[in-house]
(Lines give C-alpha, C1' and ligand atoms only; values in the text may rest on other atoms or scores of the structure.)
Protein backbone atom coordinates (compact mmCIF):
# COMPACT_ATOMS: atom_id res chain seq x y z
CA UNK A 1 0.00 0.00 0.00
CA UNK A 2 1.47 3.39 -0.91
CA UNK A 3 2.12 5.86 1.92
CA UNK A 4 0.07 8.53 0.14
CA UNK A 5 -2.56 7.77 -2.43
CA UNK A 6 -4.58 10.40 -4.27
CA UNK A 7 -7.46 9.02 -6.34
CA UNK A 8 -9.27 11.05 -8.97
CA UNK A 9 -8.87 14.35 -7.14
CA UNK A 10 -10.96 17.22 -8.52
CA UNK A 11 -10.88 20.89 -7.52
CA UNK A 12 -12.84 23.63 -9.25
CA UNK A 13 -12.67 27.38 -8.75
CA UNK A 14 -15.72 29.20 -10.15
CA UNK A 15 -15.97 26.94 -13.14
CA UNK A 16 -12.24 26.59 -13.74
CA UNK A 17 -11.10 23.06 -13.04
CA UNK A 18 -7.72 23.53 -11.37
CA UNK A 19 -7.21 19.86 -10.58
CA UNK A 20 -9.00 17.50 -12.91
CA UNK A 21 -9.07 13.90 -11.74
CA UNK A 22 -5.46 13.42 -10.73
CA UNK A 23 -4.21 10.04 -9.47
CA UNK A 24 -0.97 10.04 -7.55
CA UNK A 25 0.75 7.48 -5.36
CA UNK A 26 3.88 7.96 -3.28
CA UNK A 27 5.59 4.91 -1.83
CA UNK A 28 7.35 4.96 1.52
CA UNK A 29 10.92 6.23 1.14
CA UNK A 30 10.39 7.77 -2.31
CA UNK A 31 11.42 11.24 -3.43
CA UNK A 32 8.84 12.38 -5.95
CA UNK A 33 8.64 15.74 -7.70
CA UNK A 34 5.50 17.38 -8.98
CA UNK A 35 6.20 19.76 -11.85
CA UNK A 36 4.20 21.63 -14.43
CA UNK A 37 3.80 25.07 -15.97
CA UNK A 38 2.31 27.92 -13.93
CA UNK A 39 -1.32 27.31 -13.16
CA UNK A 40 -1.11 23.59 -13.80
CA UNK A 41 -2.57 22.82 -10.38
CA UNK A 42 0.47 21.70 -8.36
CA UNK A 43 -0.07 23.91 -5.33
CA UNK A 44 -3.83 23.43 -5.49
CA UNK A 45 -3.23 19.68 -5.33
CA UNK A 46 -0.95 20.20 -2.32
CA UNK A 47 -3.58 22.30 -0.58
CA UNK A 48 -6.30 19.72 -1.21
CA UNK A 49 -4.13 16.90 0.12
CA UNK A 50 -3.22 18.81 3.30
CA UNK A 51 -6.75 20.00 4.03
CA UNK A 52 -6.26 23.70 3.22
CA UNK A 53 -8.77 23.51 0.37
CA UNK A 54 -11.86 21.31 0.24
CA UNK A 55 -11.78 19.12 -2.84
CA UNK A 56 -14.76 18.67 -5.16
CA UNK A 57 -14.18 15.00 -5.87
CA UNK A 58 -11.84 12.09 -5.36
CA UNK A 59 -10.14 10.75 -2.26
CA UNK A 60 -6.90 11.19 -0.37
CA UNK A 61 -5.53 8.23 1.61
CA UNK A 62 -2.54 8.52 3.90
CA UNK A 63 -1.24 5.59 5.98
CA UNK A 64 -4.63 3.98 5.53
CA UNK A 65 -6.50 7.04 6.88
CA UNK A 66 -9.00 8.77 4.66
CA UNK A 67 -7.90 12.40 4.70
CA UNK A 68 -10.66 13.64 2.42
CA UNK A 69 -12.21 16.66 4.13
CA UNK A 70 -9.93 16.52 7.19
CA UNK A 71 -8.87 19.83 8.76
CA UNK A 72 -5.22 20.91 8.23
CA UNK A 73 -4.21 20.39 11.86
CA UNK A 74 -5.57 16.83 11.77
CA UNK A 75 -3.62 16.09 8.62
CA UNK A 76 -0.46 17.46 10.23
CA UNK A 77 -0.91 15.35 13.33
CA UNK A 78 -1.22 12.19 11.26
CA UNK A 79 2.36 12.78 10.17
CA UNK A 80 2.01 14.74 6.96
CA UNK A 81 4.25 17.80 7.17
CA UNK A 82 4.29 20.65 4.68
CA UNK A 83 5.97 23.92 3.87
CA UNK A 84 4.46 26.89 2.08
CA UNK A 85 5.47 28.54 -1.17
CA UNK A 86 5.38 31.98 0.42
CA UNK A 87 7.90 32.00 3.23
CA UNK A 88 5.92 31.29 6.33
CA UNK A 89 7.20 31.69 9.89
CA UNK A 90 5.82 32.99 13.18
CA UNK A 91 7.35 36.45 12.94
CA UNK A 92 7.14 37.47 16.57
CA UNK A 93 8.39 34.15 18.00
CA UNK A 94 12.11 33.44 18.16
CA UNK A 95 13.69 31.01 15.70
CA UNK A 96 13.88 28.39 18.44
CA UNK A 97 10.23 28.88 19.44
CA UNK A 98 9.20 28.56 15.80
CA UNK A 99 10.52 25.01 15.90
CA UNK A 100 9.11 24.25 19.34
CA UNK A 101 5.60 25.14 18.17
CA UNK A 102 5.84 22.34 15.64
CA UNK A 103 6.42 19.55 18.09
CA UNK A 104 4.25 20.34 21.07
CA UNK A 105 0.87 19.51 19.58
CA UNK A 106 2.04 16.05 18.71
CA UNK A 107 2.96 15.38 22.31
CA UNK A 108 -0.42 15.38 23.98
CA UNK A 109 -2.39 18.57 24.19
CA UNK A 110 -4.24 18.35 27.50
CA UNK A 111 -4.56 21.90 28.80
CA UNK A 112 -4.00 21.47 32.51
CA UNK A 113 -0.53 19.81 32.41
CA UNK A 114 0.61 22.61 30.14
CA UNK A 115 -0.88 25.31 32.36
CA UNK A 116 0.66 23.78 35.50
CA UNK A 117 3.92 22.78 33.79
CA UNK A 118 4.03 19.29 35.21
CA UNK A 119 7.39 17.48 35.30
CA UNK A 120 6.29 15.33 32.37
CA UNK A 121 5.64 18.36 30.18
CA UNK A 122 8.89 19.99 31.29
CA UNK A 123 10.79 16.85 30.28
CA UNK A 124 9.15 16.86 26.85
CA UNK A 125 10.00 20.55 26.51
CA UNK A 126 13.66 19.92 27.36
CA UNK A 127 13.84 17.16 24.73
CA UNK A 128 12.11 19.39 22.19
CA UNK A 129 14.60 22.21 22.84
CA UNK A 130 17.47 19.81 22.31
CA UNK A 131 16.01 18.54 19.03
CA UNK A 132 15.24 22.10 17.89
CA UNK A 133 18.79 23.25 18.56
CA UNK A 134 20.08 20.30 16.55
CA UNK A 135 17.88 21.19 13.60
CA UNK A 136 18.83 24.88 13.78
CA UNK A 137 22.49 23.85 13.67
CA UNK A 138 21.74 21.58 10.72
CA UNK A 139 20.36 24.46 8.62
CA UNK A 140 23.05 26.84 9.86
CA UNK A 141 20.86 28.98 12.10
CA UNK A 142 22.31 27.78 15.40
CA UNK A 143 23.56 31.23 16.33
CA UNK A 144 20.21 32.87 15.53
CA UNK A 145 18.12 30.72 17.89
CA UNK A 146 17.00 33.66 20.02
CA UNK A 147 16.32 36.11 17.19
CA UNK A 148 12.70 36.92 16.31
CA UNK A 149 11.91 35.00 13.12
CA UNK A 150 10.65 38.22 11.55
CA UNK A 151 14.15 39.69 11.78
CA UNK A 152 15.78 36.93 9.72
CA UNK A 153 16.61 37.33 6.04
CA UNK A 154 14.36 35.79 3.38
CA UNK A 155 16.66 32.84 2.85
CA UNK A 156 17.10 32.27 6.55
CA UNK A 157 13.36 32.26 7.03
CA UNK A 158 13.04 29.70 4.27
CA UNK A 159 15.57 27.46 6.02
CA UNK A 160 13.78 28.04 9.32
CA UNK A 161 10.44 27.00 7.82
CA UNK A 162 12.11 23.89 6.42
CA UNK A 163 13.64 22.99 9.79
CA UNK A 164 10.30 23.60 11.50
CA UNK A 165 8.56 21.16 9.16
CA UNK A 166 11.14 18.52 10.13
CA UNK A 167 10.61 19.09 13.84
CA UNK A 168 7.79 16.54 14.38
CA UNK A 169 9.63 14.00 12.21
CA UNK A 170 6.79 13.69 9.66
CA UNK A 171 6.21 10.44 7.76
CA UNK A 172 5.75 12.40 4.56
CA UNK A 173 7.07 15.86 3.83
CA UNK A 174 5.42 18.05 1.20
CA UNK A 175 7.75 20.84 0.13
CA UNK A 176 6.22 23.66 -1.88
CA UNK A 177 8.97 25.29 -3.96
CA UNK A 178 11.81 25.14 -1.43
CA UNK A 179 14.25 26.58 -3.97
CA UNK A 180 12.10 29.46 -5.23
CA UNK A 181 13.50 32.98 -4.91
CA UNK A 182 16.69 32.05 -3.07
CA UNK A 183 20.27 32.50 -4.22
CA UNK A 184 22.25 29.69 -5.92
CA UNK A 185 24.31 28.87 -2.83
CA UNK A 186 21.17 28.37 -0.84
CA UNK A 187 19.61 26.31 -3.62
CA UNK A 188 22.53 23.91 -3.36
CA UNK A 189 22.18 23.87 0.41
CA UNK A 190 18.49 23.08 0.11
CA UNK A 191 19.25 20.33 -2.42
CA UNK A 192 21.72 18.76 -0.02
CA UNK A 193 19.24 18.88 2.83
CA UNK A 194 16.52 17.21 0.79
CA UNK A 195 18.92 14.56 -0.47
CA UNK A 196 20.06 13.88 3.08
CA UNK A 197 16.45 13.44 4.17
CA UNK A 198 15.90 10.99 1.37
CA UNK A 199 18.98 9.02 2.34
CA UNK A 200 17.64 8.77 5.88
CA UNK A 201 14.59 7.08 4.43
CA UNK A 202 12.18 10.01 4.57
CA UNK A 203 9.42 10.23 2.03
CA UNK A 204 9.36 13.56 0.21
CA UNK A 205 6.93 15.04 -2.28
CA UNK A 206 8.30 18.16 -3.88
CA UNK A 207 6.67 20.91 -5.92
CA UNK A 208 9.41 22.77 -7.70
CA UNK A 209 9.92 25.07 -10.65
CA UNK A 210 13.68 24.84 -10.74
CA UNK A 211 14.33 22.04 -13.25
CA UNK A 212 17.95 21.57 -12.18
CA UNK A 213 16.82 20.78 -8.67
CA UNK A 214 14.04 18.47 -9.84
CA UNK A 215 16.15 16.52 -12.32
CA UNK A 216 19.05 16.33 -9.94
CA UNK A 217 17.41 14.86 -6.87
CA UNK A 218 14.10 13.21 -7.82
CA UNK A 219 13.58 9.50 -8.22
CA UNK A 220 10.34 9.99 -10.04
CA UNK A 221 8.72 13.02 -11.63
CA UNK A 222 5.02 13.65 -12.13
CA UNK A 223 4.06 16.32 -14.65
CA UNK A 224 0.79 18.21 -14.35
CA UNK A 225 -0.70 20.33 -17.08
CA UNK A 226 -4.09 22.04 -16.98
CA UNK A 227 -4.94 20.10 -13.86
CA UNK A 228 -4.29 16.71 -15.41
CA UNK A 229 -1.45 14.29 -15.16
CA UNK A 230 0.52 14.65 -18.38
CA UNK A 231 3.41 12.26 -17.75
CA UNK A 232 5.13 10.33 -15.02
CA UNK A 233 8.50 8.61 -14.85
CA UNK A 234 12.18 8.87 -13.98
CA UNK A 235 13.79 12.30 -14.57
CA UNK A 236 15.65 11.29 -17.72
CA UNK A 237 12.54 9.99 -19.43
CA UNK A 238 10.58 13.09 -18.46
CA UNK A 239 13.27 15.37 -19.83
CA UNK A 240 12.95 13.75 -23.26
CA UNK A 241 9.20 13.33 -23.25
CA UNK A 242 7.83 15.35 -26.20
CA UNK A 243 4.53 16.05 -24.40
CA UNK A 244 6.40 17.62 -21.51
CA UNK A 245 8.59 19.69 -23.79
CA UNK A 246 5.51 20.92 -25.59
CA UNK A 247 3.70 21.82 -22.38
CA UNK A 248 6.66 23.83 -21.16
CA UNK A 249 7.92 25.47 -24.33
CA UNK A 250 5.03 25.32 -26.72
CA UNK A 251 5.25 23.82 -30.18
CA UNK B 1 17.10 39.44 36.57
CA UNK B 2 17.51 39.72 40.34
CA UNK B 3 16.95 43.45 40.15
CA UNK B 4 13.78 42.84 38.20
CA UNK B 5 12.46 40.32 40.70
CA UNK B 6 13.20 42.79 43.47
CA UNK B 7 11.32 45.52 41.60
CA UNK B 8 8.32 43.24 41.11
CA UNK B 9 8.27 42.31 44.81
CA UNK B 10 8.58 45.93 45.86
CA UNK B 11 5.67 46.92 43.64
CA UNK B 12 3.56 44.02 44.90
CA UNK B 13 4.41 44.99 48.49
CA UNK B 14 3.45 48.59 47.81
CA UNK B 15 0.16 47.44 46.29
CA UNK B 16 -0.65 45.38 49.39
CA UNK B 17 0.34 48.19 51.76
CA UNK B 18 -1.42 50.90 49.76
CA UNK B 19 -4.36 51.49 52.18
CA UNK B 20 -1.94 52.07 55.08
CA UNK B 21 0.25 54.32 52.99
CA UNK B 22 -2.79 56.30 51.95
CA UNK B 23 -3.98 56.53 55.58
CA UNK B 24 -0.59 57.89 56.61
CA UNK B 25 -0.10 60.30 53.72
CA UNK B 26 -3.60 61.60 53.08
CA UNK B 27 -5.86 60.65 55.99
CA UNK B 28 -8.70 62.94 54.91
CA UNK B 29 -8.80 61.45 51.42
CA UNK B 30 -8.48 57.79 52.38
CA UNK B 31 -11.98 56.65 51.44
CA UNK B 32 -11.81 58.24 48.05
CA UNK B 33 -8.31 57.06 47.17
CA UNK B 34 -8.95 53.48 48.28
CA UNK B 35 -12.12 53.54 46.19
CA UNK B 36 -10.04 54.50 43.16
CA UNK B 37 -7.56 51.74 44.02
CA UNK B 38 -10.36 49.15 44.12
CA UNK B 39 -11.54 50.30 40.71
CA UNK B 40 -7.98 50.11 39.43
CA UNK B 41 -7.51 46.52 40.63
CA UNK B 42 -10.84 45.41 39.16
CA UNK B 43 -10.16 47.15 35.86
CA UNK B 44 -6.66 45.68 35.72
CA UNK B 45 -8.09 42.16 36.09
CA UNK B 46 -10.76 42.90 33.48
CA UNK B 47 -8.22 44.36 31.07
CA UNK B 48 -5.94 41.32 31.44
CA UNK B 49 -8.84 39.01 30.62
CA UNK B 50 -9.57 41.16 27.58
CA UNK B 51 -5.92 41.05 26.51
CA UNK B 52 -6.03 37.24 26.45
CA UNK B 53 -8.36 37.59 23.47
CA UNK B 54 -7.17 40.72 21.66
CA UNK B 55 -3.49 40.49 22.58
CA UNK B 56 -2.68 36.82 22.57
CA UNK B 57 -4.86 35.25 19.90
CA UNK B 58 -5.32 38.53 18.03
CA UNK B 59 -9.12 38.43 17.80
CA UNK B 60 -10.58 41.91 18.13
CA UNK B 61 -13.56 41.08 20.33
CA UNK B 62 -15.96 43.76 21.54
CA UNK B 63 -18.08 41.26 23.46
CA UNK B 64 -16.41 41.75 26.82
CA UNK B 65 -19.08 44.04 28.36
CA UNK B 66 -21.60 41.25 27.82
CA UNK B 67 -19.59 38.72 29.87
CA UNK B 68 -18.94 41.35 32.52
CA UNK B 69 -22.68 42.01 32.65
CA UNK B 70 -23.66 38.33 32.74
CA UNK B 71 -21.35 37.82 35.72
CA UNK B 72 -22.55 40.95 37.51
CA UNK B 73 -26.24 40.14 37.03
CA UNK B 74 -25.79 36.49 37.99
CA UNK B 75 -24.07 37.41 41.25
CA UNK B 76 -26.44 40.31 41.98
CA UNK B 77 -29.62 38.32 41.39
CA UNK B 78 -28.44 35.24 43.29
CA UNK B 79 -27.22 37.32 46.23
CA UNK B 80 -30.33 39.50 46.54
CA UNK B 81 -33.19 37.17 45.62
CA UNK B 82 -31.84 33.77 46.59
CA UNK B 83 -29.50 34.86 49.38
CA UNK B 84 -26.67 32.79 47.97
CA UNK B 85 -23.38 33.10 49.85
CA UNK B 86 -20.72 35.23 48.17
CA UNK B 87 -18.38 32.46 46.99
CA UNK B 88 -21.28 30.49 45.52
CA UNK B 89 -22.67 33.43 43.54
CA UNK B 90 -19.13 34.32 42.40
CA UNK B 91 -18.61 30.76 41.14
CA UNK B 92 -22.00 30.83 39.40
CA UNK B 93 -21.10 34.18 37.76
CA UNK B 94 -17.81 32.80 36.45
CA UNK B 95 -19.38 29.58 35.16
CA UNK B 96 -22.33 31.26 33.49
CA UNK B 97 -20.13 33.85 31.79
CA UNK B 98 -17.86 31.02 30.55
CA UNK B 99 -20.87 29.11 29.29
CA UNK B 100 -22.23 32.13 27.43
CA UNK B 101 -18.78 32.74 25.90
CA UNK B 102 -18.57 29.11 24.80
CA UNK B 103 -22.03 29.19 23.22
CA UNK B 104 -21.64 32.49 21.33
CA UNK B 105 -17.97 31.82 20.51
CA UNK B 106 -18.76 28.94 18.16
CA UNK B 107 -20.79 30.99 15.66
CA UNK B 108 -18.78 34.20 16.21
CA UNK B 109 -15.47 32.55 15.32
CA UNK B 110 -16.90 31.55 11.97
CA UNK B 111 -16.39 35.26 11.25
CA UNK B 112 -12.90 36.61 10.69
CA UNK B 113 -11.18 39.91 11.40
CA UNK B 114 -13.52 42.89 10.96
CA UNK B 115 -16.60 40.72 10.64
CA UNK B 116 -15.67 39.09 13.94
CA UNK B 117 -15.33 42.50 15.60
CA UNK B 118 -18.74 43.57 14.27
CA UNK B 119 -20.31 40.26 15.29
CA UNK B 120 -19.02 40.58 18.87
CA UNK B 121 -20.16 44.21 18.93
CA UNK B 122 -23.63 43.07 17.90
CA UNK B 123 -23.64 40.46 20.64
CA UNK B 124 -22.63 43.04 23.27
CA UNK B 125 -25.44 45.34 22.08
CA UNK B 126 -27.99 42.55 22.27
CA UNK B 127 -26.84 41.67 25.79
CA UNK B 128 -27.19 45.31 26.84
CA UNK B 129 -30.67 45.57 25.30
CA UNK B 130 -31.74 42.38 27.06
CA UNK B 131 -30.41 43.72 30.38
CA UNK B 132 -32.36 46.94 29.86
CA UNK B 133 -35.65 45.36 28.81
CA UNK B 134 -35.90 42.03 30.62
CA UNK B 135 -37.38 43.85 33.57
CA UNK B 136 -38.71 40.76 35.40
CA UNK B 137 -35.18 39.48 35.85
CA UNK B 138 -32.85 42.48 35.75
CA UNK B 139 -35.29 45.20 36.86
CA UNK B 140 -34.10 47.04 33.74
CA UNK B 141 -33.26 50.71 34.26
CA UNK B 142 -34.33 50.47 37.91
CA UNK B 143 -31.12 48.51 38.51
CA UNK B 144 -30.53 45.74 40.99
CA UNK B 145 -29.96 47.33 44.35
CA UNK B 146 -29.01 46.19 47.82
CA UNK B 147 -26.37 43.73 46.70
CA UNK B 148 -24.66 42.75 49.96
CA UNK B 149 -20.97 43.31 50.61
CA UNK B 150 -19.23 39.98 50.32
CA UNK B 151 -18.59 37.81 53.35
CA UNK B 152 -16.92 34.41 53.45
CA UNK B 153 -17.94 31.90 56.11
CA UNK B 154 -14.91 30.40 57.78
CA UNK B 155 -14.80 26.97 59.41
CA UNK B 156 -15.73 27.35 63.06
CA UNK B 157 -18.60 29.75 62.50
CA UNK B 158 -16.58 32.94 62.00
CA UNK B 159 -17.14 35.11 58.92
CA UNK B 160 -14.62 37.10 56.98
CA UNK B 161 -16.40 40.29 55.99
CA UNK B 162 -15.32 42.67 53.27
CA UNK B 163 -17.55 45.58 54.13
CA UNK B 164 -14.69 47.93 55.07
CA UNK B 165 -13.03 49.63 52.11
CA UNK B 166 -9.45 48.42 52.75
CA UNK B 167 -10.73 44.86 53.21
CA UNK B 168 -12.54 45.07 49.89
CA UNK B 169 -9.39 46.44 48.31
CA UNK B 170 -7.44 43.41 49.50
CA UNK B 171 -10.14 41.13 48.13
CA UNK B 172 -9.90 42.86 44.75
CA UNK B 173 -6.10 42.70 44.90
CA UNK B 174 -6.24 38.95 45.65
CA UNK B 175 -8.53 38.48 42.66
CA UNK B 176 -6.09 40.47 40.53
CA UNK B 177 -3.23 38.28 41.79
CA UNK B 178 -5.08 35.14 40.74
CA UNK B 179 -5.87 36.62 37.34
CA UNK B 180 -2.21 37.60 36.86
CA UNK B 181 -1.13 34.03 37.69
CA UNK B 182 -3.65 32.56 35.25
CA UNK B 183 -2.69 35.12 32.59
CA UNK B 184 0.98 34.26 32.95
CA UNK B 185 0.29 30.54 32.87
CA UNK B 186 -1.71 30.87 29.70
CA UNK B 187 0.53 33.27 27.82
CA UNK B 188 3.93 31.69 28.36
CA UNK B 189 5.47 28.26 27.80
CA UNK B 190 3.68 25.78 25.53
CA UNK B 191 0.18 27.15 25.95
CA UNK B 192 1.27 30.72 25.25
CA UNK B 193 3.29 29.60 22.26
CA UNK B 194 0.23 27.89 20.77
CA UNK B 195 -1.88 31.04 21.27
CA UNK B 196 0.82 33.21 19.71
CA UNK B 197 1.27 30.83 16.79
CA UNK B 198 -2.44 31.16 16.01
CA UNK B 199 -2.20 34.95 16.30
CA UNK B 200 0.91 35.33 14.14
CA UNK B 201 0.13 32.90 11.32
CA UNK B 202 -2.98 30.78 11.39
CA UNK B 203 -2.31 28.55 8.35
CA UNK B 204 1.18 27.76 9.59
CA UNK B 205 -0.15 27.02 13.08
CA UNK B 206 -2.48 24.48 11.50
CA UNK B 207 0.46 22.95 9.66
CA UNK B 208 2.10 22.58 13.08
CA UNK B 209 -0.86 20.52 14.22
CA UNK B 210 -2.49 23.32 16.20
CA UNK B 211 -6.27 23.65 15.94
CA UNK B 212 -6.69 27.44 15.62
CA UNK B 213 -10.35 27.45 16.65
CA UNK B 214 -9.59 25.52 19.83
CA UNK B 215 -7.10 28.12 21.05
CA UNK B 216 -9.21 31.08 20.02
CA UNK B 217 -12.10 29.54 21.93
CA UNK B 218 -9.84 28.85 24.91
CA UNK B 219 -8.79 32.49 25.16
CA UNK B 220 -12.35 33.69 24.52
CA UNK B 221 -13.93 31.43 27.17
CA UNK B 222 -11.28 31.97 29.83
CA UNK B 223 -11.37 35.72 29.11
CA UNK B 224 -15.17 35.68 29.37
CA UNK B 225 -15.07 33.69 32.61
CA UNK B 226 -12.68 36.16 34.24
CA UNK B 227 -14.79 39.07 33.02
CA UNK B 228 -17.82 37.41 34.64
CA UNK B 229 -15.94 37.04 37.92
CA UNK B 230 -14.84 40.68 37.83
CA UNK B 231 -18.42 41.68 37.08
CA UNK B 232 -19.56 39.85 40.21
CA UNK B 233 -16.92 41.59 42.36
CA UNK B 234 -17.88 44.93 40.81
CA UNK B 235 -21.59 44.45 41.55
CA UNK B 236 -20.89 43.37 45.13
CA UNK B 237 -18.65 46.38 45.64
CA UNK B 238 -21.01 49.03 44.33
CA UNK B 239 -24.09 47.28 45.80
CA UNK B 240 -25.96 48.41 42.65
CA UNK B 241 -25.77 47.14 39.11
CA UNK B 242 -27.40 48.88 36.16
CA UNK B 243 -27.52 48.10 32.41
CA UNK B 244 -25.39 51.21 31.70
CA UNK B 245 -22.41 49.44 33.25
CA UNK B 246 -22.26 47.03 30.33
CA UNK B 247 -22.47 49.38 27.34
CA UNK B 248 -19.99 49.73 24.49
CA UNK B 249 -18.30 52.42 26.57
CA UNK B 250 -16.74 49.65 28.63
CA UNK B 251 -15.15 48.19 25.49
CA UNK B 252 -13.73 51.60 24.67
CA UNK B 253 -12.16 51.85 28.12
CA UNK B 254 -10.70 48.37 27.80
CA UNK B 255 -9.33 49.13 24.33
CA UNK B 256 -7.64 52.27 25.67
CA UNK B 257 -6.10 50.38 28.61
CA UNK B 258 -4.90 47.42 26.55
CA UNK B 259 -3.70 49.16 23.40
CA UNK B 260 -2.19 52.23 25.04
CA UNK B 261 -0.72 50.21 27.88
CA UNK B 262 0.82 47.59 25.63
CA UNK B 263 -1.16 44.89 23.89
CA UNK B 264 -0.08 41.35 24.74
CA UNK B 265 2.12 42.52 27.62
CA UNK B 266 1.38 41.90 31.30
CA UNK B 267 3.36 44.97 32.37
CA UNK B 268 1.78 47.15 29.73
CA UNK B 269 -1.79 46.19 30.56
CA UNK B 270 -1.22 46.67 34.30
CA UNK B 271 0.39 50.04 33.66
CA UNK B 272 -2.46 51.00 31.34
CA UNK B 273 -5.02 50.03 33.98
CA UNK B 274 -3.32 52.10 36.66
CA UNK B 275 -2.89 55.10 34.40
CA UNK B 276 -6.26 55.13 32.69
CA UNK B 277 -8.27 54.40 35.80
CA UNK B 278 -6.43 56.84 38.04
CA UNK B 279 -5.80 59.54 35.45
CA UNK B 280 -9.43 60.56 34.86
CA UNK B 281 -9.78 60.86 38.64
CA UNK B 282 -6.68 63.02 39.00
CA UNK B 283 -7.90 65.19 36.15
CA UNK B 284 -11.09 65.98 38.06
CA UNK B 285 -8.97 68.73 39.63
CA UNK B 286 -9.32 70.58 36.33
CA UNK B 287 -12.94 69.85 35.40
CA UNK B 288 -13.15 72.13 32.39
CA UNK B 289 -10.06 70.77 30.70
CA UNK B 290 -10.37 67.18 31.88
CA UNK B 291 -11.42 65.55 28.63
CA UNK B 292 -9.15 67.77 26.54
CA UNK B 293 -6.09 66.79 28.58
CA UNK B 294 -7.14 63.13 28.56
CA UNK B 295 -7.64 63.12 24.79
CA UNK B 296 -4.37 64.94 24.17
CA UNK B 297 -2.49 62.40 26.31
CA UNK B 298 -4.02 59.49 24.40
CA UNK B 299 -2.92 61.10 21.13
CA UNK B 300 0.61 61.69 22.36
CA UNK B 301 0.98 58.07 23.45
CA UNK B 302 -0.40 56.71 20.20
CA UNK B 303 1.94 58.89 18.15
CA UNK B 304 5.06 58.50 20.29
CA UNK B 305 4.75 54.81 21.05
CA UNK B 306 2.50 52.75 18.81
CA UNK B 307 3.36 49.67 20.88
CA UNK B 308 1.86 51.32 23.93
CA UNK B 309 3.53 52.44 27.13
CA UNK B 310 5.16 49.02 27.50
CA UNK B 311 7.16 49.90 24.39
CA UNK B 312 8.60 52.94 26.17
CA UNK B 313 9.76 51.13 29.29
CA UNK B 314 11.05 48.06 27.49
CA UNK B 315 14.77 47.90 26.77
CA UNK B 316 15.42 48.94 23.17
CA UNK B 317 15.17 45.98 20.84
CA UNK B 318 18.14 44.91 18.75
CA UNK B 319 17.97 46.59 15.36
CA UNK B 320 16.18 44.60 12.71
CA UNK B 321 18.39 42.92 10.21
CA UNK B 322 17.50 43.95 6.69
CA UNK B 323 15.57 41.30 4.84
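The values are calculated or read from the model by the stated rules, or taken from the named source; none is laboratory data. These numbers were taken from a predicted model, which means no experiment stands behind them. Here the Cβ positions follow ideal geometry from the backbone for every residue, glycine too, while neighbour counts run over all protein chains shown.
For (1) closer than 22 Å to residue B:263 by Cα; (2) touching a strand residue (DSSP E or B) at 6+ places or on another chain (Cβ under 6 Å), each residue gets a yes or a no:
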site: B:13; (1), (2): no, no
site: B:26; (1), (2): no, no
site: B:31; (1), (2): no, no
site: B:39; (1), (2): yes, no
site: B:48; (1), (2): yes, no
site: B:55; (1), (2): yes, no
site: B:62; (1), (2): yes, no
site: B:72; (1), (2): no, yes
Open item on the list: Can you pull out every residue in the range B:162-192 that is over 20 Å from residue B:40 (Cβ atoms), surrounded by 21 or more Cβ atoms within 10 Å (Cβ to Cβ) and touching a helix residue (DSSP H, G or I) at 6+ places or on another chain (Cβ under 6 Å)?
Closed with: B:187, B:190, B:191
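Tell me the residue from A:110, A:95, A:76 that is at pLDDT 90 or above and more than 10 Å from every other protein chain (Cβ to nearest Cβ), please. Walk me through it before giving the result.
Numbers: A:110 fails: at pLDDT 90 or above; A:76 fails: more than 10 Å from every other protein chain (Cβ to nearest Cβ).
Just a single option satisfies the conditions, and that option is A:95.
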Task: Odd one out for residue A:51, checked against (1) part of a strand (DSSP E or B); (2) within 15 Å of the chain's Cα centre (by Cα) - done: (1)
TODO: Take residue A:178 and decide whether it is buried (at least 17 other Cβ atoms within 10 Å of the Cβ) and away from chain B (no Cβ under 11 Å).
DONE: yes
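Here's the yes/no breakdown for (1) modelled with pLDDT of 90 or more; (2) crowded, with 19+ Cβ neighbours inside 10 Å; (3) facing another protein chain (nearest Cβ under 8 Å):
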residue	(1), (2), (3)
A:40	no, yes, no
A:67	no, yes, no
A:80	yes, yes, no
A:86	no, no, no
A:89	yes, yes, yes
Open item on the list: So residue B:78 ticks every box in (1) buried (at least 20 other Cβ atoms within 10 Å of the Cβ); (2) free of Cβ contacts under 8 Å to residues at least 24 places away in the same chain; (3) under 19 Å from the mean Cα position of the chain (by Cα) but one. Which box is left unticked?
Closed with: (3)
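Of all residues in the range B:105-128, which are more than 22 Å from residue B:244 (Cα to Cα) and in a helix (DSSP H, G or I)? Before you say what the answer is, go through the steps one by one.
Kept after step one, since they are more than 22 Å from residue B:244 (Cα to Cα), are these residues of the range B:105-128: B:105-116.
Those that are more than 22 Å from residue B:244 (Cα to Cα) and in a helix (DSSP H, G or I): B:105, B:106, B:107, B:108, B:113, B:114, B:115, B:116.
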TODO: Take the residues in the range A:199-251 that are without any contact (Cβ under 8 Å) to a residue 12 or more places away in the chain and in a loop (DSSP other than H, G, I, E, B), then tell me which one is farthest from the chain's Cα centre (by Cα).
DONE: A:251
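I'd like to know if the range B:205-215 contains one or more residues that are within 14 Å of another protein chain (Cβ to nearest Cβ) and touching a residue at least 40 places away in the same chain (Cβ under 8 Å).
Looking for residues that are within 14 Å of another protein chain (Cβ to nearest Cβ) and touching a residue at least 40 places away in the same chain (Cβ under 8 Å), one finds at least one in the range B:205-215, hence yes.
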- [ ] Would you be able to tell me the number of residues in the range A:133-165 that are more than 12 Å from chain B (Cβ to nearest Cβ), touching a strand residue (DSSP E or B) at 6+ places or on another chain (Cβ under 8 Å) and not in a loop (DSSP other than H, G, I, E, B)?
- [x] 1
